[in-house]
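Each value in this text was obtained by applying a stated rule to the coordinates, not by laboratory testing. Here the structure is a predicted model, which is why all the values come from computation and not from measurement. Neighbour counts run over all protein chains shown; Cβ positions are idealised from the backbone, glycine included.
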Amino acid sequence: MLAAGLAGCATTASEPGPQDPEAAERSLALADSQSAFGYESPDWGTPFWERLSEKFDRAQASGANAPAPTDDTLNPTPHDESMTPYRGTPAIATAAAAGATETGSAGAARPADGLAPSVALAWQGDGATPAALAALSQRLQSAGIVVVGPNALADAISDAPGCDELARPDCLASMARYPAPRLLLLAEPAGDALSITTYDTQFGARYSAARLDRQEAAPQAMDTLVAAERRRLSIAPWFTRSFAERDGQYYLAAGQAQGLDVGDRLAVHESGALVRGPAGQPVVWEPGPRSATLVVEQLLGANTSVARLESGTRVSPEALLTVLDGR
């Protein structure tokens, strides 16, 4: 049985090897020239705006190596590949009617506002999904995270350009719109182990790989990985995006499984400020001004909903939608 280890460096793929778990937070920024968005913090008891303010203050106070805030346009750095958001509209009728096929969430650790972030799991090996990956899915759900399983993910992105390779920047950008997982956990065989690399679909970051025993991962290794994913989700408030618009109705990649309900009100943010650490990893995202307000009118299955504008004039495909206080 192999304990979780972190492998690879932030800029290139490398052979996995054990590292301190905190090294998972070092990442490569694959800059997304359109996006600067985030998700719900695991610190369920504190309002997200207070957590963001504290993180931003700590970052600014860190001296000469302090990360600098950037606006919504994130210019690629040397050796980075810019991300091109998918401009198409995924087919939604079948997915909406079918609901949450192979998508699950356990409510035991839901935040106080009842909203849960999403992650996607993908298996890049031959044969059936390994037992350890199925066990990881259960652990993530028990932590209050909605999981898009390998088959559900494959169905959702089957017509998306560039997704013959899931880690391609254009595929990650498409995935960020629909089915809109904040993180993609890409599992590959590594001898008797699994190598699991995490990609932030919205911020364009790749984190160092973790290793799990392929058949029966140690509970401590599972806990370490789940804790790392929750930290990565904590850099910004819960959000979703609109992946299609028809006759003034905006289709959202979040629904009952994430905790949305009819009547919930969402703030539309067309911009925001992303703070990156010295190594380029996302540290905190702060929403920009509210440009419009949406009201959820209908839930379509577990992971899709429909909303209409309450105020404002438009919602762009790149806009981040955060929940308003009191919903």
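Give me a comma-separated list of calculated 3J(HN,Hα) values for the range 206-217, in order, Karplus coefficients 6.51, -1.76, 1.60 applied at θ = phi - 60°, integers in Hz, x for any Gly or Pro.
10, 9, 4, 6, 10, 10, 10, 4, 5, 9, 8, 6
Using the Karplus curve 6.51 cos²θ - 1.76 cosθ + 1.60 with θ = phi - 60°, work out ³J(HN,Hα) for each residue of the range 133-138 in order, rounded to whole Hz, and write x for Gly and Pro.
Each residue's phi maps through the Karplus curve to give 6, 5, 5, 5, 4, 5 Hz.
Provide the packing ranking of 203-212, 301-310, i.e. peptides ordered by the mean count of other C-beta atoms within 10 Å per residue, highest first.
Going by the mean number of other Cβ atoms within 10 Å, highest first, we get 203-212, 301-310.
Normalised by the number of residues in the range 196-283, what is the relative contact order in percent for Cα pairs under 8 Å and 6+ residues apart?
It comes to 17 percent, rounded to a whole number.
Taking θ = phi - 60°, what integer Hz values does the Karplus form 6.51 cos²θ - 1.76 cosθ + 1.60 yield along the range 253-259, in sequence order, with x for Gly and Pro?
Karplus values, whole Hz, x for Gly and Pro: 8, 7, x, 4, 4, 7, x.
When a footprinting reagent is the concern and you count Cβ atoms within 10 Å, what order do E229, E297, E286 take, fewest first?
Going from least to most buried by this count: E297, E286, E229.
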